[in-house]
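**Student:** This is the structure I want to talk about, given as structure tokens.
The values are calculated or read from the model by the stated rules, or taken from the named source; none is laboratory data. None of these values were measured; they are calculated from a predicted model. Here the Cβ positions follow ideal geometry from the backbone for every residue, glycine too, while neighbour counts run over all protein chains shown.
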Amino acid sequence: MAERRCAACSRRFEPRRNVPQQRYCSRPECQRSRRRRWQREKLAADADYRANQAAAQRRWSERHPEYWRRYRERHPEYSERNRARQRERNRERRLGAGAEAAARIAKRDEWVPEQGLVSGTYRLIPVTGAGAGIAKRDEYLVKMQVMATA
């Protein structure tokens, strides 16, 4: 079989006979790159996989409630960098940088229904005003009952 170039490191390698479509060499860094790429594509394409990963992360967080507090204590530069970035986002918002600045803030609770709105309890977060885009600020829990479907 002819040599190929690794998709991660661009070095030449001899693919294994039993893996005719092999694109990555066997170096650990390249295999890590291959797995990260696979996971990124899987997360983007597979809603069940995404839900399972989120549930696994939630369970891990529940089993390790002190992890982030300890991490911040051991890595003060991490906390300071986050504080500095938040100060910058707040400054941009005050100065009216508007949509561009707000777009950089994560909105993990944003939801676009696939099959219309269903009855239930929802968390509403304003998209305008002083707290726009900042997680867990000025939010409301509301119970909604669908009266008729379109």
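**Student:** Could you list, in sequence order, all residues of segment 63-102 that are modelled with pLDDT of 90 or more, in a helix (DSSP H, G or I) and acidic (D, E)?
**Tutor:** Matches in segment 63-102: E73, E77, E80, E88.
**Student:** Also, quick follow-up: Across segment 50-65, what is the number of residues that are surrounded by 11 or more Cβ atoms within 10 Å (Cβ to Cβ) and among the hydrophobic types (A, V, I, L, M, F, W, C)?
**Tutor:** The qualifying residues number 1.
**Student:** Same structure again: Could you tell me which residue of segment 4-49 is surrounded by the most Cβ atoms within 10 Å (Cβ to Cβ), considering only residues that are small (G, A, S) and in a helix (DSSP H, G or I)?
**Tutor:** Looking at residues that are small (G, A, S) and in a helix (DSSP H, G or I), I get S33.
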